[in-house]
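Scroll down for the structure; my scribbles are underneath it.
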Amino acid sequence: LVRRMGGCGGESSFAGGTCWSPPTDVFETADGVVVKMELPGVSKADLSIVLVGDRLVVKGSRSDPDSGRKIQYHQMEISYGSFAKVVFLRMPYDAEGISARLEDGYLSITIPRAPAQTTRKIAVEIRL
């Protein structure tokens with residue numbers, strides 16, 4: 001359901017690297033699906049959310065505020081650089097109703113279900 005996009009050369013994310021993968025939860029509600037990403041230090045201007053068919057693509061970046069400073073790390077676990085994640089939508093959805101909110105370091109994307117399709121019987125007129 002969730003896949004990290006290429007561009008990292010298939011390597012796992014590592015601290016201080018040029019690409020990383022944010023922790024992501026995808027869960028279903030009565031109204032649709034919610035994608036929640038942990039993105040502390042990522043600003044709205046550094047995010048891109050695109051819907052392509054059945055794929056929700058989230059891209060962004062987080063800058064190291066200490067880059068350029070002459071420091072020696074004893075431990076480094078915070079990842080910086082670019083990220084990209086793809087969430088595959090396995091249900092009919094309402095593209096116009098999708099909303100996203102970035103608050104307190106969490107990105108929440110709400111994807112509502114498409115309205116249920118109704119069945120209608122069509123009368124056939126016979127002309128002789």
Q) If you put +1 on each Lys and Arg Cβ and -1 on each Asp and Glu Cβ, how big is the dipole of the chain around its Cα centre, in Debye rounded to 20? A) 420 debye
Q. Can you give the extra length, in nm with one decimal, that the chain gains between Arg101 and Phe27 once fully stretched, where that is 0.36 nm per residue apart less the Cα-Cα distance?
A. 25.0 nm
Q. So how far apart, in nm, are the two label points at Val86 and Arg55 if each is 7 Å from Cα heading toward Cβ?
A. 0.3 nm
Q: Check the straight Cα-Cα distances from Lys85 and name the aspartates and glutamates below 13 Å, setting aside those fewer than 8 residues away within the same chain.
A: Asp25, Glu38
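Report, to the nearest whole %, how much of the accessible area of the chain belongs to carbon and sulfur atoms, 1.4 Å probe, protein only.
Roughly 50 percent of what the probe reaches on the chain is carbon or sulfur.
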Q: Identify which of the listed values of mean projected area of the Cα convex hull in nm² was calculated from the structure shown: (i) 12.1; (ii) 8.3; (iii) 13.1.
A: (i)
Q.
As an exercise, identify the chymotrypsin sites (Phe, Trp or Tyr not before Pro) in region 39-117 lying in DSSP coil whose Cβ has no more than 12 other Cβ atoms within 10 Å.
A. Tyr73
Q: Tell me the label-point distance for the pair Ala116, Ser48, using the 7 Å Cα-to-Cβ offset, in nm and rounded to one decimal.
A: 3.9 nm
Q | Convex hull of Cα atoms in region 33-105, direction-averaged projection (nm²) | A | 6.2 nm²
**Q.** the chain - percent relative contact order, Cα under 8 Å, separation 6 or more
**A.** 31 percent
Q: Within the set of other residues whose C-beta is less than 13 Å from the C-beta of Thr29, count the net charge using Lys and Arg as +1 and Asp and Glu as -1.
A: -1
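What longest region of the chain stays clear of trypsin sites (Lys or Arg not before Pro) that DSSP places outside H, G, I, E and B and that have at most 15 other Cβ atoms within 10 Å?
Numbers: sites that count: Arg69, Lys70, Arg90, Arg120, Lys121, Arg127.
Result, exposed sites excluded: 1-68.
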Q: Leaving out ligands and nucleic acids, note down the accessible area per residue over the chain with a 1.4 angstrom probe, in whole Å².
A: 72 Å²
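The values are calculated or read from the model by the stated rules, or taken from the named source; none is laboratory data. As the structure is a prediction and not an experimental result, all values here were calculated from the model. Using ideal geometry, Cβ is built from the backbone for each residue, glycine included, and neighbour counts are taken over all protein chains shown. SASA here: full protein model, heavy atoms, side chains in, ligands and nucleic acids out. Shrake-Rupley method; radii C 1.70, N 1.55, O 1.52, S 1.80 Å.
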